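Heads up, the thing below is written out as structure tokens.
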Amino acid sequence: MFSDIQFQHPWLFLLLLVIPLYLAWYIWRRKTSHPTMQVSTLQPLEGTKPTLRVWLRHLPLALRLAAVALAIVVLARPQSTSSYSDSNTEGIDIVISLDISGSMEALDFRPNRLEAAKNVAVKFISGRQNDNIGLVIFAGESFTQCPLTTDHSVLINLFQDVRTQMLDGGTAIGMGLATAVSRIKESKAKSKVIILLTDGVNNSGAISPEKAAELAHTFGIRVYTIGVGTIGTAPFPVQTPFGVKTQEVEVKIDEPLLRNIAESTGGKYFRATDNKSLEAIYAEIDQLEKTIMEVRHYTQHTDEYFPFAVAILLLLLLEVVLRNTLLRTIP
């Protein structure tokens, strides 16, 4: 009950020094105020045992000193403290638009581009607990794999199911971006973000990347674009009559396009050439797009003097009863 009690005026405990002073005065007074009588012998009183009144003669003093000590505790204002916090979290709505065209099977990332992109994105999602996150995939066409959700376990499971050849061949960057915009444009969040990841050049789709970027800008959506692929050539698995072989394929990424999409929407363009750089890119985006959290702390103090006051009253009452009954003295 009293483990969490604090005192508003702890300096008042210095008044406890009064107790030993009073006790010293009490002892001195008893020695000097009691009359003495000389007798010739105490032999008739030998073997007489002290009565209960003798053993309890100092009990009123102990009760009074205890009452004084408790009164000082009351003056120090014992208080219990309860605190709690009220947090308002303003999450960020994020749609990841992921290229799943055949070129994402290139082996310049481990185990390949697509799997590396999925693994890093899953880590990113796991660290954004307060955000709505969705997933759009695209190749020659685009598809919403998962709408905006805070159920990140479901989103991660759907992420793990993504593979190449789920959609028609080609790279429709404009369609991938436009589908992501359509999924996030009605969001009420103050911050709306699209992360567009691709390893190629736009070569299909009914909507151009430039038009999709204009739509994103119109709806106040920032687009972070990521070009995935090493510089020069990359090993690519090819099926042959003798099994799967690798051959070097030139890496072609439309960096000017991706940079323009990012800059026109207030985002940023990144180039990932290996797993480590891709992780660093997602870490930077994570820092750029921090969730807003406002926390208010409340503290309530409650005076806890009542139990002490009751104890003081009982101690004084008991002293009065003893002085007027069992320990009554005749002047």
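The values are calculated or read from the model by the stated rules, or taken from the named source; none is laboratory data. All of these numbers come straight from a predicted model, not from anything done at the bench. Glycine also receives a Cβ, built like all others from the backbone with ideal geometry; neighbour counts cover every protein chain displayed. To get the accessible areas, we keep the full protein, side chains included, count just its heavy atoms, and leave off ligands, DNA and RNA. Shrake-Rupley method; radii C 1.70, N 1.55, O 1.52, S 1.80 Å.
Applying the selection to the stretch 81-97, what residues are at pLDDT 80 or above and either of a type in the set (D, E, K, R) or in a strand (DSSP E or B) (or both)? Full working, then the answer.
So in the stretch 81-97, the residues at pLDDT 80 or above come out as 92-97.
Answer for the stretch 81-97, where residues must be at pLDDT 80 or above and either of a type in the set (D, E, K, R) or in a strand (DSSP E or B) (or both): Asp93, Ile94, Val95, Ile96, Ser97.
Quick one: which residue in Leu167, Leu177, Leu158 is outside any strand (DSSP E or B), of a type in the set (A, V, I, L, M, F, W, C) and free of Cβ contacts under 8 Å to residues at least 24 places away in the same chain? If you could, list the steps in order and put the result at the bottom.
On the way: Leu167 fails: free of Cβ contacts under 8 Å to residues at least 24 places away in the same chain; Leu177 fails: free of Cβ contacts under 8 Å to residues at least 24 places away in the same chain.
Among Leu167, Leu177, Leu158, only Leu158 is outside any strand (DSSP E or B), of a type in the set (A, V, I, L, M, F, W, C) and free of Cβ contacts under 8 Å to residues at least 24 places away in the same chain.
Which of the residues that make up the stretch 227-250 are acidic (Asp, Glu) and under 18 Å from Arg271 (Cβ atoms)? Step through it out loud before you land on a result.
Just the residues of the stretch 227-250 that are acidic (Asp, Glu), to begin with: 248, 250.
Within the stretch 227-250, Glu250 is the sole residue that qualifies.
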Listed residues Ile226, Ile253; which is within 18 Å of Ile285 (Cβ to Cβ) and not hydroxyl-bearing (Ser, Thr, Tyr)? Ile226
Members of the stretch 237-248 that are open to solvent by 50 Å² or more (accessible area, probe 1.4 Å) and either touching a residue at least 12 places away in the same chain (Cβ under 8 Å) or closer than 29 Å to Ile195 by Cβ (or both): Thr246, Gln247, Glu248
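Mind listing whichever residues of the stretch 143-173 are among the small types (Gly, Ala, Ser) and surrounded by fewer than 24 Cβ atoms within 10 Å (Cβ to Cβ)?
Start the filter on the stretch 143-173 by keeping residues that are among the small types (Gly, Ala, Ser), which leaves 153, 169-170, 172.
Listed by number, the residues that qualify are Ser153, Gly169, Gly170.
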Just give me the residues in the stretch 133-155 being under 31 Å from the mean Cα position of the chain (by Cα) and outside any strand (DSSP E or B), in sequence order. Thr150, Asp151, His152, Ser153, Val154, Leu155
